[in-house]
Amino acid sequence: VVIPYGSRSNIILADGTNVWLNAGSRLIYPSRFVDRTREVFLSGEAFFDVQENEGQPFRVKTADVQVEVLGTQFNVTAYPEDFAVQTVLAEGSVEIKSVTAHRRENGLVLKEGELAYFNKKTQETHTQSVEVDEYTLWTQGLFHFSNTDFNRITKKLERFYNIRFQFDDPFKGGIQVSGKLDVAQERSEVFQYLERLTGLQILEINERLYVIK
């Protein structure tokens, strides 16, 4: 299934696993899980609520890492254009490995409330405790930010609305923002809220292009 920019989708796999797919994402999965593992391939971002089955672990593969679970809730962000793959564990337990790791090599086990950040260039993974809502509320049409660089927020909005932002000064992208955006509202209301938070102007050039001053 391919989700274009400007759209989102919710699907239920054959085993009952619930998957929310964010804008600009692609998920490859079988019509039935018949192998020893339940394996899917993700490009983009998805939140998984996996049905537990100890005899048939669930595995999410991306181009750079794989995440293996029995039954749990977690979010994976693996857009090809991003510099890293991020996995956030909401509930349960997951093990993360680089796709280049040896089959018998132990992976990194995440705890609830932890984020694993896999740097594609260095092939290194770092973990940190995070506020899970910041990474999962998008499934409910909400973006939650806590001291987040403004350019990271605009990147999410570009995917969500299928638009493009330009900063008249790149340093303005480093402004840190905290709050929640209800993207179910009109786009103009969302942008007005951001203008109040940042003190910047968001000017429409055309339907697809906005300049931030």
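Below are the figures for this structure:
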read-out	value
Selection within segment 135-158 - in contact with a helix residue (DSSP H, G or I) (Cβ under 9 Å, 6 or more places away or on another chain) and open to solvent by less than 50 Å² (accessible area, probe 1.4 Å)	Trp138, Leu142, Phe143, His144, Phe145, Thr148, Phe150, Ile153, Thr154, Leu157
Every pair of residues 6+ apart whose Cβ atoms lie under 7 Å, when the first sits in segment 13-32 and is at negative phi while the second is among the acidic types (Asp, Glu)	Thr17/Asp49; Asn18/Asp49; Asn22/Glu45; Ser25/Glu45
Residue ID - modelled with the lowest pLDDT, chosen from residues in segment 109-134 that are under 15 Å from Phe74 (Cα atoms) and open to solvent by less than 60 Å² (accessible area, probe 1.4 Å)	Glu134
Scan of segment 78-97 for residues that are open to solvent by 30 Å² or more (accessible area, probe 1.4 Å), free of Cβ contacts under 8 Å to residues at least 40 places away in the same chain and over 23 Å from Ala14 (Cα atoms), ordered by number	Pro80, Glu81, Asp82, Phe83, Lys97
Residue tally, condition open to solvent by 10 Å² or more (accessible area, probe 1.4 Å) and not in a loop (DSSP other than H, G, I, E, B), over segment 54-77	6
Set Tyr210, Tyr161: member being under 16 Å from Gly6 (Cβ atoms), open to solvent by less than 70 Å² (accessible area, probe 1.4 Å) and in contact with a Leu (Cβ under 7 Å, 6 or more places away or on another chain)	Tyr210
Residue, farthest from Thr77 (Cα to Cα), within segment 4-53, restricted to residues that are in a loop (DSSP other than H, G, I, E, B), open to solvent by 30 Å² or more (accessible area, probe 1.4 Å) and among the hydroxyl-bearing types (Ser, Thr, Tyr)	Ser31
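The values are calculated or read from the model by the stated rules, or taken from the named source; none is laboratory data. Being a predicted model, the structure only gives us computed values, none of them experimental. Because the Cβ atoms are built from the backbone with ideal geometry, glycine has one as well, and the counts that use them run over all protein chains shown. When the accessible area is computed, the model is the full protein with side chains, heavy atoms only, and any ligands, DNA or RNA have been set aside. Shrake-Rupley method; radii C 1.70, N 1.55, O 1.52, S 1.80 Å.
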